[in-house]
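Right, one structure below, let's go through it.
The values are calculated or read from the model by the stated rules, or taken from the named source; none is laboratory data. All values reported here derive from a predicted model rather than from experimental measurement. When we count neighbours, we look across all protein chains shown, and the Cβ atoms used for this are built from the backbone with ideal geometry, even at glycine.
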Amino acid sequence: MFSLRSSTTTIAQVTGGVCHSRHRSCFHSVPINYRLSHPATRNPLLAFVKCSRKLRSNCNRFGMATFTTRASAQPLQNADELIDSVETFIFDCDGVIWKGDSLIEGVPDTLDMLRSKGKRLVFVTNNSTKSRKQYGKKFETLGLNVSEEEIFASSFAAAAYLKSINFPKEKKVYVVGEEGIQKELELAGYQYLGGPEDGGKKIELKPGFLMEHDEDVGAVVVGFDRYFNYYKVQYGTLCIRENPGCLFIATNRDAVTHLTDAQEWAGGGSMVGAFVGSTQREPLVVGKPSTFMMDYLANEFGISKSQICMVGDRLDTDILFGQNGGRKTLLVLSGVTSLSMLQSPNNSIQPDFYTSKISDFLSLKAAAVWLHSNEI
Ligand SMILES: [Mg+2]
């Protein structure tokens, strides 16, 4: 319902509900009922585009000015209303729960409050370098009481996906990535090769040289890999191109990642891109913004999708992830997205709400002060 309110508000704010023109015949009401009844309203952006096109089309016919606004996110003002309206909160980790190795202010109290209200908490991350168990240790180190079952990393998603399609146990998985993927595959009972072990391998270019590859590899899983090299590209490419039915799975296609807080670093998308280039195939993505993890969670816990709120700091992964599944979305400005990025005319991804950090759930007064001091 928020999306409808959002679309309506935007157009109404600009036009006052009426499209004005000097030409008498161009004076018509903005079709509020159109937005409420049109199937496109299932997607707020599509709804706006379609509505806007309709208006623009009419306007142009009569020589009227066109509308260029779109639905926009609202600052979170009533946290209780949002909390009461959902039963599960899915949190992205980096930029929401922690930044690097530092906990973001107020997180423990916020999670405690949500748990005391009976909310289910789930933590998702596109980072595939760690397994669920390894992430559990990170939460513990930061003083957070989070169980492995509440953590969904894209490394786990890759193994869960293979399980969901009954990937044959006699087949092997070639891993382009780090330990997290290997550990999750191991837990799921799959044989694998590659990974960090192939990090030091080089190819030898001499006349007639041919690289052998394992014909039992039935899937190549590509994730973020600090030890990425040409050997891995060639080996994985041979598997995908020459082994009949071999799957090409990506944990994520993130353009950048934050290895250090000094700059942005090339993300998992750069490794995946190499294979897209060499195989001319598109991967099956299991991490955000693909809905696989969301659907898995909904099935696993028996949660109605409308009862989920996705909380994240990235528009192109977290918020899109939530919107792709039709869930409520809350953007926090404690990570990579600034208010100016959210409000830039170049940004087309609008969450339902935004706020400075998740501890604003505890004190909306604090949120209001922050938003005011940052000149909304
Ligand atoms: Mg993040």
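Some values worked out for this structure:
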read-out: Some residue of region 95-107 being modelled with pLDDT under 95, within 16 Å of the ligand (Cβ to nearest atom), outside any strand (DSSP E or B) and at positive phi; value: yes
read-out: Yes/no for Glu186 being touching a strand residue (DSSP E or B) at 6+ places or on another chain (Cβ under 9 Å), surrounded by fewer than 19 Cβ atoms within 10 Å (Cβ to Cβ) and either free of Cβ contacts under 8 Å to residues at least 24 places away in the same chain or assigned to a helix (DSSP H, G or I) (or both); value: yes
read-out: Condition met for Leu297 (among the hydrophobic types (A, V, I, L, M, F, W, C) and touching a residue at least 40 places away in the same chain (Cβ under 8 Å)); value: yes
read-out: Flag if Thr337 is part of a loop (DSSP other than H, G, I, E, B) and either in contact (Cβ under 8 Å) with a residue 40 or more places away in the chain or farther than 24 Å from Ser85 by Cα (or both); value: yes
read-out: Filtered residues of region 193-210 (kept if modelled with pLDDT of 95 or more and surrounded by fewer than 22 Cβ atoms within 10 Å (Cβ to Cβ)); value: Leu193, Pro196, Glu197, Asp198, Gly199, Gly200, Lys201
read-out: Residue in region 311-324 that is touching a helix residue (DSSP H, G or I) at 6+ places or on another chain (Cβ under 7 Å), assigned to a strand (DSSP E or B) and within 13 Å of the ligand (Cβ to nearest atom) present; value: yes
read-out: Residue under evaluation Lys305, criteria (1) charged (D, E, K, R); (2) within 14 Å of the chain's Cα centre (by Cα); (3) not assigned by TED's automatic domain parsing to the domain that holds Gly195, criterion not met; value: (2)
read-out: Some residue of region 278-298 being assigned to a strand (DSSP E or B) and not β-branched (Val, Ile, Thr); value: yes
read-out: Test result for Val332, buried (at least 24 other Cβ atoms within 10 Å of the Cβ), outside the structural domain of Arg226 (by TED's automatic domain parsing), in contact (Cβ under 8 Å) with a residue 24 or more places away in the chain and within 13 Å of the ligand (Cβ to nearest atom); value: yes
read-out: Failed criterion for Lys138 (all others in (1) farther than 23 Å from Glu197 by Cβ; (2) within 16 Å of the ligand (Cβ to nearest atom); (3) touching a Gly at 6+ places or on another chain (Cβ under 7 Å) hold); value: (3)
read-out: Leading residue by the ranking (surrounded by the most Cβ atoms within 10 Å (Cβ to Cβ)) among those in region 277-292 that are in contact (Cβ under 8 Å) with a residue 60 or more places away in the chain and away from the ligand (no atom under 14 Å from the Cβ); value: Val286
read-out: Failed criterion for Thr260 (all others in (1) within 16 Å of the ligand (Cβ to nearest atom); (2) modelled with pLDDT of 90 or more; (3) of a type outside the set (Asp, Glu) hold); value: (2)
